[in-house]
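First comes the structure, then the notes that go with it.
The values are calculated or read from the model by the stated rules, or taken from the named source; none is laboratory data. Only a predicted model underlies this, so the values are computations on that prediction, with no experimental measurement involved. Using ideal geometry, Cβ is built from the backbone for each residue, glycine included, and neighbour counts are taken over all protein chains shown. Heads up: the accessible areas ignore ligands, DNA and RNA and are worked out on the full protein's heavy atoms, side chains in. Shrake-Rupley method; radii C 1.70, N 1.55, O 1.52, S 1.80 Å.
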Amino acid sequence: MPLHHDYRGHIIAQRYEVLELIGAGGMGLVYKARHIAMDRFVAIKVLPESSANLVARFQREARSMSQLNHPNVVQVYDFGSMANRDLFLVMEYLEGYPLSRVPTPEVEAKWLLEIIQQVCAALTVAHEKGIVHRDLKPDNIFVTPKPGAKDHVKVLDFGIAKLMEDSNESMDLTLTQVGRLCGTPHFMAPEQIIDGVVDGRTDIYALGVLIFQTLAKRRLFDADSMQHVLSKHVYEEPEGIRQAMPAQSFSREFEALILKCLEKKPEDRYRTVESLHREIGKFLSGEFSIRDVEVMSSAEDLTIDVDPKEIEAQFKRKITPTPGSSNGDMMVVMPTDNGLAQRKGKVLLVDDSLYLSNQLTEMLHNDGFEVVLGRNGLEGLEQLELNSNIFMVVTDMNMPVMDGMAFLEKIRQHPIMRDLPVMVLSAANDEKLFQRASELGAFAWVVKPADPKAIVQAINQVAKERLNPS
């Protein structure tokens with residue numbers, strides 16, 4: 001049902017002169033207006049004629065929204081209801097475009113991550129105040145270009161979706177209601193669909209959908225009905241961005257970031273938007289690569305030569321890492337038990353670096369080892385359950401989903417796997433992490449970047465020492 005009134009030319013609440021219609025759709029119409037007394041432009045969103053119950057809810061929620069004071073949250077100046085029961089929100093006037101209308105044919109992934117990181121900053125403040133957005137989508141992320149600087153983001157419509165939750169009115173809006181559900185179906189998290197219980201992780205799911213759809217230029221889940229779309233969010237596994245856009249050569253790390261946002265269970269996603277913000281920062285700083293070609297070129301630049309004879313010497317003494325050092329030397333803890341296999345066998349390699357994994361796999365195969373791969377700690381645990389004859393584990397420390405330390409702890413807690421020898425790879429030479437890994441029985445700590453030949457030599461040397469103990 002269309003809105004009953006066109007407010008162009010009207011005076012709202014005796015304070016605002018409505019100038020022109022600048023946006024339609026979503027949950028109402030948006031007008032450019034002028035604050036008469038202050039002579040400044042504002043944006044006014046008018047929501048359709050509403051019940052008395054919804055007006056009361058609107059006043060409570062709008063009061064909360066007006067308290068969100070953050071550079072990445074659109075500022076709410078005023079709110080109220082009119083004689084015909086239409087609701088209005090007065091916000092700062094913005095110039096730019098919503099993320100749904102990016103003025104370029106393709107969206108650069110790095111630029112999009114910069115945008116999402118700003119959205120995370122806005123969500124952090126909202127979640128701290130108990131406000132879950134519930135309806136994150138490209139239309140609600142507004143980009144203001146800044147010449148000579150990074151584009152600035154404003155998140156719109158905090159809490160608006162929640163306002164409509166108890167409305168019984170049938171409205172022709174992008175806000176779709178199924179029973180008591182509220183939100184936009186293509187961006188709704190499984191728990192939002194199943195029982196309507198939401199928290200900050202619901203917004204994280206929507207961000208995962210948003211990243212995928214903005215890059216791929218198509219829906220994550222599409223179907224011939226909204227009910228079918230909702231069903232897919234609940235039951236169907238999402239497509240990886242690497243499969244959706246093979247020509248872009250996106251890295252496994254980047255794909256893992258998106259897929260972690262899209263986990264069906266909230267507890268399997270990033271715990272908070274701050275965690276997602278930090279993970280994105282690793283891509284923007286270059287610690288993780290967005291594309292595989294970047295991984296290969298950077299890995300080739302960073303790989304250093306380590307003398308295999310020095311590796312043998314290091315295994316005969318305990319090497320203590322120097323705090324703050326990151327020179328690529330291999331740090332080794334002497335084996336604490338006799339758990340190494342008496343012959344070469346199956347090695348589990350858990351690392352989200354495609355380049356290093358491929359190198360190590362080929363070299364270990366050539367040395368007579370069988371290699372099983374995992375991209376993160378969870379996949380590593382699955383491989384251990386499936387392959388009872390794995391005799392040794394090599395794991396990276398910094399991985400999405402489950403990092404190396406959590407993986408190592410899980411191994412040590414398992415009654416069958418607890419004695420497996422584990423070598424830890426890490427880009428950080430952190431003394432506390434080193435000490436914790438040592439306490440958990442890691443037999444080696446390798447600081448990246450390191451020559452893969454040296455890593456394979458170290459594995460062979462430990463196996464050799466176990467076969468021929470002195």
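Leaving out ligands, DNA and RNA, what percent of the accessible area of segment 343-431 is carbon and sulfur, probe 1.4 Å?
C and S fraction of accessible area: 47 percent.
Work through the residues other than Val18 whose Cβ is under 13 Å from its Cβ and net out their charges, Lys, Arg +1 and Asp, Glu -1.
Once all neighbours under 13 Å are counted, the net charge is +1.
Quick one: net charge of Thr144's neighbours, Cβ under 11 Å, K/R +1, D/E -1?
0
Quantify, in whole percent, the carbon and sulfur part of the accessible surface of segment 201-257 (1.4 Å probe; protein heavy atoms only).
On segment 201-257, the fraction of accessible area on carbon and sulfur atoms equals 44 percent.
What accessible area, in Å² to the nearest ten, does a 1.4 Å probe give for Glu287?
Rounded to the nearest 10, the figure is 100 Å².
Whole percent per 10 Å bin, from 0 to the bin with the longest distance: what is P(r) over all C-alpha pairs of segment 373-461?
17, 53, 29, 1
Which pairs break 29 Å Cα to Cα here: Lys146/Lys217; Lys264/Lys453; Lys154/Lys260?
Too far apart for the 29 Å limit: Lys264/Lys453.
What ranking of Ile211, Ile194 comes out by heavy-atom accessible area, probe 1.4 Å, highest first? Each step should come with its number before you reach the end.
Details: Ile211 0, Ile194 115 Å².
Reading off the accessible areas and sorting them downward yields Ile194, Ile211.
Around Leu94, under 11 Å between beta carbons, what's the net of Lys plus Arg minus Asp minus Glu among the other residues?
Net local charge, Leu94 excluded: 0.
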